[in-house]
Structure formats: structure tokens, C-alpha cells
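Shown next, in C-alpha cells, is the structure this report addresses.
The values are calculated or read from the model by the stated rules, or taken from the named source; none is laboratory data. Treat the numbers as computed from the prediction; the structure is a model and nothing was measured. Cβ: placed from backbone, ideal geometry, glycine included. Neighbour counts: every protein chain shown. We work out accessible area using only protein heavy atoms, side chains counted, and drop any ligands, DNA or RNA first. Shrake-Rupley method; radii C 1.70, N 1.55, O 1.52, S 1.80 Å.
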Amino acid sequence: MRSWKAFVLVRLIRLALVLAGVAVVAFVLVKLSPVDPIDAYLGPDIARVGPEQRALITEKWGLDQPAGVQFVKWLSSMLTGDLGWSVTYNASVADVISERFRSSIVLMGLAWAFSGFIGFSLGIWAGANPGSWSDRIIRLYAYILAATPTFWIAILLLIVFSVGLRWTPVCCAAPIGMLPEDVTLLQRLHHLLLPLIALSILGIAQIALHTRVKMIEIMQSDFVLYARAQGATMLDIVLHHGARNAALPAITVLFASLGELFGGSILAETVFSYPGLGSATIEAGIRGDVPLLLAITLTATLFVSVGNTIADILYHVADPRISSASEAWQGIAE
Amino acid sequence: MTVVVEKPPQTPSLDRANPALVATGIAVLLLAAVLLAAWLLGSSGLASDFQARLQPPSWQHLFGTDMFGRDVLARTIKGLALSLRVGFLAAGISVVIATCLAIVSASGSRLADSLVSLFIDMTMGLPHLVLLILISFALGGGTTAVVIAVAVTHWPRLTRILRAEILQLRNAEYVIVSRNFGKSRWFIARHHILPHLVPQMIVGFVLLFPHAILHEAGLTFLGFGLEPGEPAIGILLSESMRYLLAGKWWLGLFPGLLLVVAVLCFDIIGNGLRVLTDPKAGRP
């Protein structure tokens, strides 16, 4: 049991190190940028600001100090919860992120669940009958989609369903001109539908391919042979031996793919002008809104790295042999 | 003393890489077409013709024309040529980074190993697209920024594979024998280890290539990197967004379709090569 705690602890320390590393790299990258933060802050007001005022802003923001000092200041204010002010949205960064994250998490969470469920089912089906027509079709689907950019899928969906058939709205998370309080759940779902499909499609392909390989492996194993010898039906074997054993690896992959999910949500949100974290990232990057960009980077890293850490730990649960070296050594010592 | 010659469990054969051959054919044709067309067209195909704005596909303009009357097919081919160039450079740089880091990480120093592994965790822990945006923001855009951004986000997986390969090779019997003969580390690295890494590097390169193209397209689609007027697939698609609502579907359909065909071909070639070089791997 002790080794378990140690394993999780090591993973958590790693997580902290990764976050710290990303903070340093992101800060350096932003400092390297040729975009002047004061110009970006002033925007169109730039003509009305004289050199004295510029100097004042520079001093107030501490831009005249060495980069190291600036970094320490920025990090300490981050750690105390002060994320800064976003010029793009004219609101505090913490507010922007929490509001955007709430609408993004619905999209990403649902896409995550869908791609997991559908991808897993398809993978089990394909893996249970390797070489059959259903397997070939599922594999073809997965291959082609793995090569398709998310934003192009989104554009195609838009062309077919929003413009051609007029079934779905073309943009945003709610009808234009409506107050957020008046929007019904049905309308919300209606607007969520296409981004959701665009985002799920890629995830389905990945999970399906992975589960299929695992399933083929399981179907060739001794315990399945034994079950078959005992007269178990195909359905019985697939449900009780196949799906159970393939579930944990699939969930692991699902957690490890949060990075791609986040990237995909940036693209899907841009195509459908969905007001989530992804479109905020683009705005921050294009307008040079440094505090927002840095905060989003750290939020995204936290989100994805936690996913990776969970995947690591689950991997460990799925196959304890991976850490057998330390455990075997402990066994000898005790 | 009898010498038992073990047959390899499964000889790599061309049959198993059959789809790869087809894909190679298509890819070579596509490459030739793109290069030839880009060269033949020069800049003539990109000229604006306001008489022929937003025309649907016809025999004269197979992919239709855009808002300035430019031929979409010509722009798509130009864009694909750019994508291939960016992908080629980025994947190449990625392979070099991966090889260097794998060698450093497998060199025996534990500190170097954990540092490299921290780098890998960092790159995997940050969504690629966010890192791409950060890097192109830092470098102020341009083709070079896109190449560098794509190159520095794609090395982790290959690094892991190469590192595992080196660690395995270091303990191989012939390397130990060679070491006992008093050969230098440099000699062993050059004559015993590097030749084994080359197939992995080639496969890694071919598999990275389509990913690099996809990321380049995504980055340019979002408006980072290249100038708006330049013909890149991502920019073509992002420009098409404004005209989709007016029913100009060809602007969005064809450039993406050609991109998918190109990516798919290189993906299949890469997987075919992997099967050929590693008979154990089987179909992915």
C-alpha cells in the first residue's frame, strides 16, 4: 500500500514541476514577443497617450524592471489568485476564464463522454469480429477521420446542416439578441449540437482504434479460449470477458487525450463562434492580451496534465507490472 | 556443436504493406502534380478576375472561384505546396530534436534523463494548439514561426521510442562484445547504435509529416502565422467561412478535401513503413 501512495505522490510532484516549467516557458515566450504590451493595452487610444504617460504605465506595470523580477512578481500574484486584467474583454482574467470555462466544459465534457462511449462500443464490435465487413468499415472510418482536421469537419457540418438543410444555427451558444436568462435548455442544446458532433468525431476514431487492438488481443487470450470451450456464447464472451478487460485501457486513453480534446475545442469553437475558452485563447493571442493568454495557458496545462496524471495512475491500476521493479525490491527488503 | 538458425517469426513482406504501395503511388502523383502545377502556374493562376467572382465549379474552374475571382484549384495547389514544404521542414527538425534528446536521455546520466522526461511531460501537458499559438505569438508570425512552432511540439513520442531503442541496444550482446574489444563509445555509437536508429527515424519522420501538415493548417486557419493573403490551406478555409452562409460551399469543401487526401496518403505510407521495419508491430 505504501508504494501506492509513493507512486501517486511522485506523480503529483511531477505535476507541480510541469506546471512550474510551463509557467517559465510561457513567460519567456510572451516576453520574446515583438508585440508591445502597452500598445496592445491601449489599442485605438494609442494616439492620445504621450510619452510621459507611457513611461508612467511602464513604471506602474514594472516593465522597466529585469525580466526575472517581473516573473517573480507575476508568479506571486498568480499564486495569490490575482490573475490580472483582460483588455480584450474588459474584465478580470479570473472572471473571463471561469465564465468561458463553464461553457467550454459542457462542450468538452459531453464530447468526451460521447467519444468514449461510442468509440468504445465501435472498438469492441470491430475487435470482436476482426476481418469482417463491420470491422473494415469501422477501421476505414477511423483512419480517414484520424487524417481529417477538426475544423474542416466543422466546416462541412456547417455547410450541410446549417446552410444546406437549415436544421441547426450557424453560430454562438444561444440565439442572437436574447438575454442569457431567457435561453431555454433546448435552445442551448440546439446550438451545442454541431460543435459537439465535430469535437466527438475525432475522439471516437482514436478510442475505437485503440479498443479494437486491445479487443483482438483479448479474444486470442487463453481465458477466452477456455470460456469458449465451456460453451459460452459469443455475446457472453464479448460482454463479460472482452468489454470488462478492454474498459480500463480505453478510459486511460480517454484521460490521456484531453490535450487533443482541448485543441479540438479551440478549432470547433472558432468555426461556430461558440463563446468558450477556445475562442478566448484565439482572441487573446491575436490581440496580444498577455495576462489572459498566460492564464489560459496555465489553466489548459493544469487541465491536460491532471488528465495525463490520472491516465498514468490508471495505467498503473490496469497493469501493476509497470511498477513491479520497486515492489519486488520492497518484497525482498521486508 | 550445432548451430540453430532461428527463422524470424514473420518475415516482413511487401504483401502486408499493400495499401501503403497504393498510397505511395497516390502520394507520388500528388506530389508531382503539386510541384509541377505550382511551377507551371507561377503566379498567373492567382490573378484576380472580378468578372468571374464566386463562380461554382465548372470545367473552366474545376474547384470554382473565390471572392476575387481567383481559381480555387490553383490556390489550393499553391497552399498544398506550402503545407508540404512547412510539414517537411518541421518534421525534419522534429526528428533531429528527438534524436538529440533521446541520445542525451539514454547517455547514462540520471539527471539528463529526468530533465528530458520533464520536457516531454511539459510538451504533452500543454495542448499543442496552445503551445503553437504561444510560439507563433512569441516569434511574431511568418512561415519560419510556423515551422519552428510545429517542429518543437512534435518530438516527444519519437523521443520516447528512440530512447527505449537505444537503451535496449546498449545491452545487446554484440555491443557488449564490441565494448570488451576496447572500442570507444563513439565507435559503438556510430557503428552499432546509429544504424539501428535510422529506420525508426525514417518511420518517425513519415508519421510526423501528416501531423505537421494538419497542425500547420490548424494554426493558419486560426489566423496565426501566415499573412492573410498568402495561399495556405488553413487561410483558404478561414476565408471561406465568410462566404459559406451565402451558399458558396465549394470554397470550404475542395481545399480541405485535397488536404485530407494528402494527409491520409502519408499516414498510410508511414504505417506501411512501420510494418515493414518492425514485423512484430503488425497492423496498428
- request: Considering only the stretch B:95-204, give the helices (runs of 4 or more DSSP H) lying wholly within it that have at least 3 residues that are open to solvent by less than 40 Å² (accessible area, probe 1.4 Å) and within 30 Å of residue A:290 (Cβ to Cβ).
  value: B:110-125, B:128-139, B:143-151
- prompt: Looking only at the stretch B:95-140, which residues are away from every other protein chain (no Cβ under 14 Å) and in contact with a Gly (Cβ under 8 Å, 6 or more places away or on another chain)?
  reply: B:95, B:98
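Report, by residue number, each residue of the stretch A:7-27 that is free of Cβ contacts under 8 Å to residues at least 12 places away in the same chain and either more than 10 Å from chain B (Cβ to nearest Cβ) or open to solvent by 30 Å² or more (accessible area, probe 1.4 Å) (or both).
Going through the stretch A:7-27, the residues free of Cβ contacts under 8 Å to residues at least 12 places away in the same chain turn out to be A:9-10, A:13, A:16-17, A:20-21, A:25.
Those that are free of Cβ contacts under 8 Å to residues at least 12 places away in the same chain and either more than 10 Å from chain B (Cβ to nearest Cβ) or open to solvent by 30 Å² or more (accessible area, probe 1.4 Å) (or both): A:9, A:10, A:13, A:16, A:17, A:20, A:25.
Which is under 30 Å from residue A:251 (Cβ atoms) and touching a residue at least 24 places away in the same chain (Cβ under 8 Å), of A:157, A:63? Write out each step before concluding.
On the way: A:63 fails: under 30 Å from residue A:251 (Cβ atoms).
Selected residue: A:157, the only one of A:157, A:63 that is under 30 Å from residue A:251 (Cβ atoms) and touching a residue at least 24 places away in the same chain (Cβ under 8 Å).
Does the stretch A:257-315 hold any residues that are polar (S, T, N, Q) and either over 12 Å from the mean Cα position of the chain (by Cα) or within 8 Å of chain B (Cβ to nearest Cβ) (or both), and which are they? If you could, list the steps in order and put the result at the bottom.
Initially, the stretch A:257-315 is screened for residues polar (S, T, N, Q), giving A:257, A:265, A:270, A:273, A:279, A:281, A:297, A:299, A:301, A:305, A:308-309.
Hits for the stretch A:257-315 are A:270, A:273, A:279, A:281, A:297, A:301, A:305, A:308, A:309.
Got a sec? Which helices (runs of 4 or more DSSP H) wholly within the stretch A:33-139 have at least 1 residues that are buried (at least 18 other Cβ atoms within 10 Å of the Cβ)? Walk me through it before giving the result.
Values: elements: A:37-42, A:51-61, A:67-79, A:93-128.
Here the list reads A:37-42, A:67-79, A:93-128.
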query: residue A:39 versus (1) among the charged types (D, E, K, R); (2) farther than 21 Å from residue A:86 by Cβ; (3) within 14 Å of chain B (Cβ to nearest Cβ): which is the lone unmet condition?
result: (2)
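For the stretch A:157-169, give me the residue count where each residue is surrounded by 17 or more Cβ atoms within 10 Å (Cβ to Cβ) and of a type in the set (A, V, I, L, M, F, W, C). Steps first, answer last, please.
Filtering the stretch A:157-169 for residues surrounded by 17 or more Cβ atoms within 10 Å (Cβ to Cβ) gives A:157-159, A:161-163, A:168-169.
Remaining after also requiring of a type in the set (A, V, I, L, M, F, W, C): A:157-159, A:161, A:163.
Matching residues across the stretch A:157-169 total 5.
Could you list, in sequence order, all residues of the stretch B:201-259 that are acidic (Asp, Glu) and within 12 Å of chain A (Cβ to nearest Cβ)? Steps first, answer last, please.
Of the residues in the stretch B:201-259, the ones acidic (Asp, Glu) are B:216, B:227, B:230, B:239.
The answer is B:216, B:239.
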